[in-house]
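J.: Questions regarding the structure given below will be posed in turn.
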Amino acid sequence: MPTRYVLTGVAAATMQGSDGGYGLIADAAVVVRDGLVDWVGPARDLPADHAALERLDQGGRLLTPALIDCHTHVVHGGNRAREFEMRLTGASYAEIARAGGGIVSTVTATRAASEAQLLQAALPRVDALIAQGVATVEIKSGYGLDIDTELRMLRVARQIADMRPIRVLTSFLGAHAVPAGQDPDTYIDQVCLPALSAAHAEGLVDAVDGFCEGIAFSAAQIARVFDRAAALGLPVKLHAEQLSHQGGAALAARHGALSADHLEYATAADAAALAASGTVAVILPGAFYTIHETRQPPVQAFRDHGVPMAVATDWNPGSSPLGSILLAMNMACTLFRLTPAEALAGATRHAARALGLNDCGRIAPGLRADLAIWDVTDPAELSYGIGINPLHHRIFGGRA
Ligand code: NIG
Ligand code: FE
């Protein structure tokens, strides 16, 4: 593919609409230059100075921003198929965690894995996302819970960006679970905070995350991690109100978090607080589905307060072994009644914002040419299909 070209024969969902919709341009042209979008608009308005560029006709297909999976745990060892079976016979996610399964069991498998083994296990997961048009993925640590393994996970996440055509944003999730037999406050002081500082010193951390929950850390404990993040100049995000209401969403809002994620037990007051702080609500229907949750996130309150909603896979071996961003979009629609336009904005425009990025997630001049071309005509088809991947072609940084 040349470094300067015009995509023609596309319907472009720019995700730029001021109404939060697709921002659809029916017969569009998109000029790509040096990895960025240079111009986008109706083909008939293509400026004369671009008319001589090579035209790559896409046969009437749909063009969208490349997808962004803004919440994953794809670097991990082992699997938790046994827990899947246990839940089918009635054990809850929280009961399994309290009995020593759950996150802590993945910690054992991850600690036992070498850097090379973690990388080999993660690459096929990342490849599966790339094959669905994903160009940016967030990857968390949090299955080490010791300094060495937390750093190893983050190094693997960084290596993925060298080995595959994908952008990786890392989140330090040292406050994910309390290691067996340890006191949570002692763990935060002696392991989590030193690991965060060490990982930051190595340039391994783009954001700091935590799990605020009865089976994990209290809001006061997470606040101490967020204070360290602020001292290091790092943005924060939080797994909040997933299994119960713990005050995590309000805490995230008070700290100006990029995102609060899960939020099944969030309230209308939480929605107001997230709106005021400009925090994105990340909807994770794969976890809701997998752990047989029945309480839905307050989607209408998010809409009413103008909280941007992102949608992500939460791909992890326990609560969301979901390797499909398209299926996450479908689930967000069918389980939580997002509109297909909200679901696509959730995996593009608002996902970028959940990662603190403003150079992707929309099709606009000056933004990265991370684009997806789909064998569909109506953008709602991306959310409507179940287990169907209509990706025709992905463009990453202007390159096919
Ligand atoms: O996003 N909620 C906490 N963390 C993960 C679960 C990780 C696991 O079960 O291994 C989540 O759902
Ligand atoms: Fe998660």
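J.: Non-local amide H neighbours of TYR5 (under 5 Å, H modeled in plane, Pro and chain starts lacking H): which ones?
T.: VAL32
J.: Which one, THR339, THR14, THR348, has the greatest fluctuation when you compute a Gaussian network model over the chain with C-alpha springs under 10 angstrom?
T.: Looking only at THR339, THR14, THR348, the biggest GNM fluctuation is shown by THR339.
J.: Rounded to the nearest 5, what % of the DSSP beta bridges within the range 1-127 are antiparallel ones?
T.: DSSP beta bridges in the range 1-127 are roughly 70 percent antiparallel.
J.: Could you tell me which residue out of PRO285, ALA122, ALA52 lies farthest along the dipole of the chain toward its positive end? Charges go on the beta carbon: Lys and Arg +1, Asp and Glu -1, centred on the Cα centre.
T.: Farthest towards the positive end: ALA52.
J.: When 1/r is averaged over all different Cα pairs and the result inverted, which Kirkwood radius in Å belongs to the range 84-148?
T.: It is 14.0 Å.
J.: Here is a further query. How long are the semi-axes of the equivalent ellipsoid of the chain, taking √(5λ) for every eigenvalue λ of the Cα gyration tensor, in whole Å from largest down?
T.: Result for the chain: semi-axes of 36, 22, 20 Å.
J.: Let me ask something else. Please compute the net charge surrounding CYS192, taking Lys and Arg as +1 and Asp and Glu as -1 over other residues with Cβ under 9 Å from its Cβ.
T.: Working: positive: ARG224, ARG228; negative: GLU150, ASP189.
Charge balance near CYS192 sits at 0.
J.: Under the Karplus relation 6.51 cos²θ - 1.76 cosθ + 1.60, θ = phi - 60°, what is the ordered set of whole-Hz ³J(HN,Hα) values for the range 219-232, x standing for Gly and Pro?
T.: For the range 219-232, the Karplus-derived couplings read 4, 5, 5, 4, 4, 5, 5, 5, 5, 5, 4, 4, 5, 8 Hz, x marking Gly and Pro.
J.: Treat every Asp and Glu Cβ in the range 43-192 as -1 and every Lys and Arg Cβ as +1, leave all other atoms uncharged, and give the resulting dipole magnitude about the Cα centre to the nearest 20 debye. Intermediate results must be reported in sequence, preceding the final value.
T.: Working: 15 positive and 18 negative charges, 77 e Å.
Rounded to the nearest 20 debye, it is 360 debye.
J.: Taking 1 over the mean of 1/r across every pair of different Cα atoms in the range 1-123, what Kirkwood radius in Å do you get?
T.: 18.8 Å
J.: Once the Cα atoms of the range 176-270 are picked out, what are the Rg and Dmax in Å?
T.: Rg and Dmax of the range 176-270, Cα atoms, are 12.9, 40 Å.
J.: Place a +1 charge on the Cβ of each Lys and Arg in the chain and a -1 charge on the Cβ of each Asp and Glu, then give the dipole magnitude about the Cα centre in debye, rounded to the nearest 20.
T.: 300 debye
J.: Report the relative contact order of the range 123-260, percent, no decimals, based on alpha-carbon pairs under 8 angstrom and at least 6 residues apart.
T.: Working: 235 pairs, mean separation 27.4, N = 138.
Once divided by the residue count of the range 123-260, the mean separation gives 20 percent.
J.: Still on this model: Relative contact order of the range 68-143: what whole-number percent is it, with Cα pairs under 8 angstrom and at least 6 residues apart? Walk me through the numbers on the way to the answer.
T.: Working: 72 pairs, mean separation 44.8, N = 76.
Computed value for the range 68-143: 59 percent relative contact order.
J.: Using the alpha-carbon centroid of each, what span in Å lies between the range 20-71 and the range 245-321?
T.: 32 Å
J.: Share of antiparallel DSSP beta bridges in the range 101-212, in percent to the nearest 5?
T.: Percent antiparallel among DSSP bridges in the range 101-212 is about 0.
J.: Using each residue's phi in the range 267-278, evaluate 6.51 cos²θ - 1.76 cosθ + 1.60 at θ = phi - 60° and report the 3J(HN,Hα) Karplus result to the nearest Hz, with x for Gly and Pro.
T.: Using θ = phi - 60°, the values come out as 10, 5, 5, 4, 4, 4, 5, 5, 4, 5, 8, x Hz.
J.: To continue, here is another question. Normalised by the residues of the chain, what does the relative contact order come to in percent, with Cα pairs under 8 Å and at least six apart?
T.: 20 percent
J.: Let me ask something else. How much net charge surrounds PRO65 when only other residues with a Cβ under 14 Å from its Cβ are counted (Lys, Arg +1; Asp, Glu -1)?
T.: +3
J.: Would you look at the GNM of the chain, springs on alpha carbons closer than 10 Å, and say which of ALA81, ALA131, ALA347 moves the most?
T.: Fluctuation is largest for ALA81.
J.: Can you work out the Karplus-derived ³J(HN,Hα) for every residue in the range 60-74? Use 6.51 cos²θ - 1.76 cosθ + 1.60 with θ = phi - 60°, whole Hz, and x for glycine or proline.
T.: x, 6, 8, 10, 10, x, 4, 7, 10, 9, 8, 7, 9, 10, 6
No lab work stands behind these numbers, since they all come straight from the coordinates. Note that the coordinates shown come from a computational prediction; the quantities given were computed from them, not determined experimentally. Cβ sites come from the backbone with ideal geometry, for glycine too, and all protein chains shown count toward neighbours.
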